[in-house]
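Enquirer: The structure is given below, and queries will be raised subsequently.
Read-outs: derived from the displayed coordinates by stated rules, not from any lab. Quick caveat, the model's predicted, so the values are computed rather than measured. Positions of Cβ are backbone-derived with ideal geometry, glycine not excepted, and every protein chain shown enters the neighbour counts.
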Amino acid sequence: MSTPERYDAIVIGGGHNGLVNAGYLGKAGLKTLLLERRHLVGGAAITEELVPGYKFTTFSYAISLMRPDIVQDLELVKHGMMVLPLINTFQPGLNGEYVFLGADADANYHEIARHSIEDAEASRDLDHLISRLCRALKPWMDRIPPNALSADPAEVAALAELRDYMASLDPEVRGLMEKFVNRSAAEILDEYFENDLVKALYASSGIIGSRVGPRSKESGLVWLFHKMGDYDGVPGQWGFHKGGNGGFTQVLARAVEGFGGTIQTNAGVSRVLYEDGRATGVELQDGTTLSADLVVSALDPRQTFTRLVDPDDLPQDLVQHITEYKFQGTAAKVNFALSAVPTFPGLEGREDLYMGFTNLGPSIDYLEEAFADCEAGRFSRRPFLDCCVQSTLDPDMSPPGKHIMSCFVMYAPYHLAESDWDTERENLGDTVQATLEEFFPGFGDLVLHREIVTPLDIENLVGLSEGNIFAGELFESQLFLNRPAPGWNQYRTPIAGYYQCGSGTHPGGCVTGGPGMLAARQILGDRAG
Amino acid sequence: MPRTTPFQSRLEPLNQTGIWKHWSGYLVAPQYQYSLNAEYYAIRNSVALLDTSPLFKYRFTGADARALLERAMARDIGDCPVGRAQYTCWCDARGYVLQDGVVMQVADGEYWLTAAEPALHYFRVLAREMGCAHVEVEDISSAFGILALQGPHAHSVLLQLTDAATPLKYFGVTSATVAGCEVTVARTGYTGDLGYELWINAADALTVWDALMMAGKGYNITPMGTTALKMARVEAGLLLMGADFHTSRFAWVDAQRETPNELGWGWMFRKLAQDGRDFVGRAAIATELEQGTSRWTTVGLAVDWHDYERAFVEAGILPPRHELYSESTMSIYRRGAKEWDYAGYASSFLSSSLLRKPIALAKLPLDLSVPGSEVDLEISVIRKPKNVLARVERMPFFNPPRKTALMSGSAE
């Protein structure tokens, strides 16, 4: 066997954070190798042509929180980044009512006023206040969080800075922050709105990807998290990358290569090699070893700390935290190739309904019932669906005149009480389709192809433990100072030269790229001494 | 009452905003839908359809047509054979720009020209002064409607209706039959993207509009208003009369005038020393080029993203970015010890959603015109002037290969 090439840095995992990290390391002049287990990079952000001409966003399907610095620093525009506006939001009810919001604030006012004139005004207040809060928090999204357990004066000072900063916030803004931390989405919504359809429209952000119902306390923070991004400078708005999120990770891959990095696919890593508490390289699943003084795991915390290395070599309090760290994936995807866009009774022929998110979850009770099934260990019999007919935005997603529809499905618990996912796969697909049929009569006749992605598929294909789409729940106990564990929230690990940069680190999942960027900042800072 | 273009009965129901404005006395939609960005992205991601019929259109025929244009146009009309179009400008005797436009030779000795402002009288007077007896200049503005079909799928759409446009190179022109109607197709546009402009007999306007909309359905064809067009043209580095320059014709003083070289069109005179052309303004332009007396250089400016963010974040607000397009003058200063050291101005500004940075078209003195040169651009942050770092960047800002790529395929 020939002597393998030596790299300065090896990044494990070609998800978007691994790519971002490799991009930064390459840009800093490090000879960087990115290893991806699958045949394509992107992790959970991939686009696959499962049927000729139809491009499925298998998992992740929209973008908003991608850190703006990354776009500039890695010159992503040059490599083809193009995020299309998700211009409309459609929230249908089951009795012919609906809320349809677009790009014009005044038109939106009148649309909500059809349901409640006070809610129409209150939504403006709430949106503005959330935007102010997000602006206040953003600087902390883009910096390495303080280490709350460290006695290092710099860390102590950073913690004090954080406390002072929060204390200095406008009381109204701080008050909202406290609500998001301490209250459920439903409680906050009750304070602002009276109409259930309007509440449900907002509540969907509070449950996405998380094992919480709108009345669970943790839903407040999940909601806030989903508003932390922007589309083209509009806070809280989402976009659709040309070619899906797989199109975006292909852009990242070009950027990595543009900065001199090497990407190797079909190269699963079995373990990280280290001697005397120092990383020395990796061993691939085929037995090949590659050496490097710097190894970065873009995998989730469970894999980073308990699979790639021997947990017995780590401090037991860290291992304890990682063992208790909650994954508990509850989301699935069912994607469709369609012969035409669905029809909503009363709004026939309106393709614009689907140029954005379509939320099927018309009331807080509906969402709570869906969650109750999850708590009982089964997938929701009437699930919440977050849909988008992406071909109405990007014609290259499907053949002319045909469509592709992404449906994010809640709830689908990773652990089923009385069955298993291989048995339930088609049942899940049928249930989702039946729900779509309820809202859009005739939906089934449009289906040309159906792709079902269970939480188990997410775990097996992407490697995200228990199929958690954020690489761990977005709960206060697992964010910021605590992501993935107190004292280990600064991208380092107990093994020198071994770092973590996945969504299980700050700021978290949702295609932010922040972990990849901040880990690179930490790594390069450590190397500079 | 404003006039309407031959497409109006189709445009009317498509305009969801109900907002109309006037363009050369015609009713046009600045945008059709609430989301301006959706229209903008149709140009870059799918295909957009725009009615540009309000442009003034002139036909030059007769044995002296070419001679007249040779005299009138600052760019060599000899470089515009049959089946080609050319971007050109015409100047006054002192070498100041009167107008820019696109001229095409549609048949041997027959030229069609678009202009933003009336110019029929101007060309006829010029012909008389030259003693050109055998040229007819006609205003054919109402005889034709013009549709611009722009975007990566422009060819896919057109190909369903005709394959005549497929062999066209950038700035090529051909006649074609679309939905049974005779049209003239030019591979031109004002977006810097793949695109075509169709000259359609007014009587056929609705038939062709319907055919294009039908053929474009599978490609998300989107009616586009004039604002999205203007946003795209900034990325393409294309100047707009009335914003980036003004006609010399109605200027009061030379400070309001620009020469072609000052507008970045010096390339039109590359062969000036050899070609011996006797066009209006030649002597002045030759002197200007020889002596280097141009007062400005037109450049592209890219605002430093971090500095732009900082200016607003420091003030406690979010940087305005979404659908931000402006034609108001912004001052530019030299960076250095001296504060507010005036250097030039930006005349078009766009916060480019695609390029993820604010960009501008600007006039700077020669010494600041090299790509990479750094200047301060004055913006307003909560009603106070602030300077942000901007760098001279080579234009076009956005220049996809598809704009000039050869197309292939055959009609279905």
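Enquirer: Cα to Cα, under 14 Å, and not fewer than 8 places away if on the same chain: which aspartates and glutamates meet these conditions relative to B:K338?
Expert: B:D376
Enquirer: I've got another one for you. Taking the alpha-carbon centroid of each part, what is the distance from the stretch A:28-61 to the stretch B:315-388 in angstrom?
Expert: The distance from the Cα centre of the stretch A:28-61 to that of the stretch B:315-388 comes to 38 Å.
Enquirer: May I ask for the net charge around A:L50, where only other residues with Cβ less than 11 Å from the Cβ of A:L50 are counted and Lys, Arg are +1 while Asp, Glu are -1?
Expert: -1
Enquirer: As a footprinting exposure proxy, order B:W305, A:W140 by other Cβ within 10 Å, with the fewest listed first.
Expert: A:W140, B:W305
Enquirer: Taking θ as phi - 60°, what are the ³J(HN,Hα) couplings along the stretch A:257-269 by the Karplus curve (6.51, -1.76, 1.60), each to the nearest whole Hz, with x for Gly and Pro?
Expert: 5, x, 8, x, x, 10, 10, 10, 9, 6, 9, x, 9
Enquirer: Ok, one more. From the square roots a ≥ b ≥ c of the eigenvalues of the alpha-carbon gyration tensor of the stretch A:213-290, which class results: rounded (a/c under 1.5), prolate (a/b over b/c), or oblate?
Expert: Oblate, because a/c is 1.5 or more while a/b does not exceed b/c.
Enquirer: What is the Å³ per residue value for the convex hull set by the Cα atoms of the stretch B:137-289?
Expert: In the stretch B:137-289, the Cα convex hull volume per residue is 159 Å³.
Enquirer: To continue, here is another question. Please compute the net charge surrounding B:T61, taking Lys and Arg as +1 and Asp and Glu as -1 over other residues with Cβ under 12 Å from its Cβ.
Expert: -3
Enquirer: Search the structure for amide H atoms under 5 Å from the amide H of A:L34, placed 1.01 Å from N in the peptide plane, and list their residues when 5 or more places away or on another chain.
Expert: For A:L34, whose amide H was placed from the backbone, the distant partners under 5 Å are A:V11, A:T262, A:I263, A:Q264.
Enquirer: Quick one: compute a quarter of the convex hull surface over the Cα atoms of chain A and quote it in nm².
Expert: Quarter of the Cα hull surface area: 23.9 nm².
Enquirer: For the stretch B:391-404, take each phi angle, set θ = phi - 60°, evaluate the Karplus expression 6.51 cos²θ - 1.76 cosθ + 1.60, and give the result in whole Hz per residue in order, putting x for glycine and proline.
Expert: Per residue, the Karplus-derived 3J(HN,Hα) values read 10, 5, 10, 5, 9, x, 5, 10, 8, x, x, 4, 4, 10 Hz.
Enquirer: Something else about it: By how many nm would the segment from A:L40 to A:L524 lengthen if fully extended, with 0.36 nm per residue of separation less the alpha-carbon distance?
Expert: Length gained, A:L40 through A:L524: 171.5 nm.
Enquirer: Calculate, for B:E182 and A:D365, the FRET efficiency according to 1/(1 + (r/R0)^6) with r their C-beta to C-beta distance and R0 60 Å; round to the nearest 0.05.
Expert: 0.45
Enquirer: Give the shape of the stretch A:141-276 as rounded, prolate or oblate, defined through the alpha-carbon gyration tensor: a ≥ b ≥ c are the square roots of its eigenvalues, a/c under 1.5 means rounded, and otherwise the shape is prolate if a/b is larger than b/c and oblate if not.
Expert: Cα axes put the stretch A:141-276 in the oblate bin.
Enquirer: Leaving out same-chain residues fewer than 8 places away, which lysines sit with a Cα under 17 Å from that of A:K227?
Expert: Candidates past the 8-residue exclusion: A:K138, A:K179, A:K199.
Enquirer: Would you give the gap between the C-alpha center of the stretch B:224-271 and the C-alpha center of the stretch A:159-197, rounded to a whole Å?
Expert: Using only Cα atoms to place each centre, the spacing works out to 51 Å.
Enquirer: Another one. No solvent, one uniform scatterer per C-alpha: report log10 I(q)/I(0) for the stretch A:86-157 via the Debye equation at q = 0.11 1/Å, two decimals.
Expert: Debye curve over Cα of the stretch A:86-157, log10 I(q)/I(0) at q = 0.11 Å⁻¹: -0.49.
Enquirer: Okay, next question. Percent relative contact order of chain B, based on C-alpha pairs within less than 8 angstrom and at least six residues apart?
Expert: Across chain B, relative contact order equals 18 percent.
Enquirer: Taking the Cα centre of the protein assembly as shown as origin and charging only Cβ (+1 Lys, Arg; -1 Asp, Glu), how large is the dipole, in debye to the nearest 20?
Expert: Dipole of the protein assembly as shown, to the nearest 20 debye: 2500 debye.
Enquirer: Here's something else I'd like to know. Ranking A:V99, B:V381, B:V82, A:V432 by Cβ neighbours within 10 Å, fewest first, what do you get?
Expert: B:V82, B:V381, A:V99, A:V432
Enquirer: Right, here's the next one. Take the alpha carbon atoms of the protein assembly as shown, find their radius of gyration, then divide it by 2.2 N^0.38 Å using N residues; give the quotient.
Expert: 1.02
Enquirer: Go through the stretch B:321-386 and name the chymotrypsin sites (Phe, Trp or Tyr not before Pro) that are in a DSSP coil and have 13 or fewer other Cβ atoms within 10 Å of their Cβ.
Expert: B:W340
Enquirer: If you don't mind, another one. Quick check: residue separation of B:I382 and B:S408 times 0.36 nm, minus the Cα distance between them. What number comes out in nm?
Expert: 4.2 nm
Enquirer: Let me ask something else. Mean-square fluctuation check for chain B, GNM, Cα pairs under 10 Å: which of B:L120, B:L50, B:L350 is largest?
Expert: So, out of B:L120, B:L50, B:L350, the one fluctuating most is B:L120.
Enquirer: Counting Lys +1, Arg +1, Asp -1, Glu -1, what net charge surrounds B:T259 among other residues with beta carbon under 9 Å of its beta carbon?
Expert: Every neighbour counted, the sum reads 0.
Enquirer: Let me ask something additional. Give the Rg (one decimal place) followed by the Dmax (whole number) of the stretch A:328-462, computed from C-alpha coordinates and expressed in Å.
Expert: Rg and Dmax of the stretch A:328-462, Cα atoms, are 14.8, 43 Å.
Enquirer: Need one word for the stretch A:199-335: rounded, prolate or oblate. Basis is the Cα gyration tensor (sqrt eigenvalues a ≥ b ≥ c); a/c below 1.5 gives rounded, then a/b vs b/c decides.
Expert: oblate
Enquirer: Each residue of the stretch B:58-67 in order: what ³J(HN,Hα) in whole Hz does its phi give by Karplus 6.51 cos²θ - 1.76 cosθ + 1.60, θ = phi - 60°, with x for Gly and Pro?
Expert: For the stretch B:58-67, the Karplus curve yields 10, 10, 10, 9, x, 4, 9, 4, 5, 4 Hz.
Enquirer: Shifting gears a bit: So what is the calculated 222 nm ellipticity per residue for chain A, using -39500 (n - 2.57) for each DSSP H run with n of 4 or more, over all residues, to the nearest 500 deg cm²/dmol?
Expert: About -10500 deg cm²/dmol.
Enquirer: With a Förster radius of 41 Å, plug the Cβ-Cβ distance of A:L159 and A:R271 into 1/(1 + (r/R0)^6) and report the FRET value to the nearest 0.05.
Expert: Once rounded, the FRET efficiency stands at 0.75.
Enquirer: Just counting partner chain Cβ atoms within 10 Å, what average do the residues of peptide A:349-358 show around their Cβ?
Expert: Per-residue shielding by partner chains comes out at 1.
Enquirer: I need the P(r) histogram for the stretch B:294-412: all alpha carbon pairs, bin width 10 Å from 0 out to the longest distance, whole percents.
Expert: Histogram of Cα-Cα distances, whole percents per bin: 13, 43, 27, 10, 5, 2, 0.
Enquirer: If I build a Gaussian network model for chain B, linking alpha-carbon pairs within less than 10 angstrom, which residue out of B:D139, B:D367, B:D304 has the largest mean-square fluctuation?
Expert: Sorting by GNM fluctuation, first place goes to B:D367.
Enquirer: Ranking A:E451, A:E48 by Cβ neighbours within 10 Å, fewest first, what do you get?
Expert: A:E48, A:E451
Enquirer: Cut-off under 17 Å on the C-alpha distance; same-chain residues fewer than 8 positions from A:K78 excluded. Which lysines are left, in chain and number order?
Expert: List returned: A:K27, A:K242, B:K357, B:K403.
Enquirer: Between the stretch A:406-430 and the stretch B:60-95, what's the alpha-carbon centroid distance in Å?
Expert: Using only Cα atoms, the two centres lie 70 Å from each other.
Enquirer: Right, next: If r is the Cβ-Cβ distance from B:E70 to B:D307 and R0 is 30 Å, what FRET efficiency results, to the nearest 0.05?
Expert: My answer for the efficiency is 0.05.
Enquirer: Rounded to two decimals, what is the ratio between the C-alpha radius of gyration of chain B and 2.2 N^0.38 Å?
Expert: Dividing the Cα radius of gyration by 2.2 N^0.38 Å gives 1.00.
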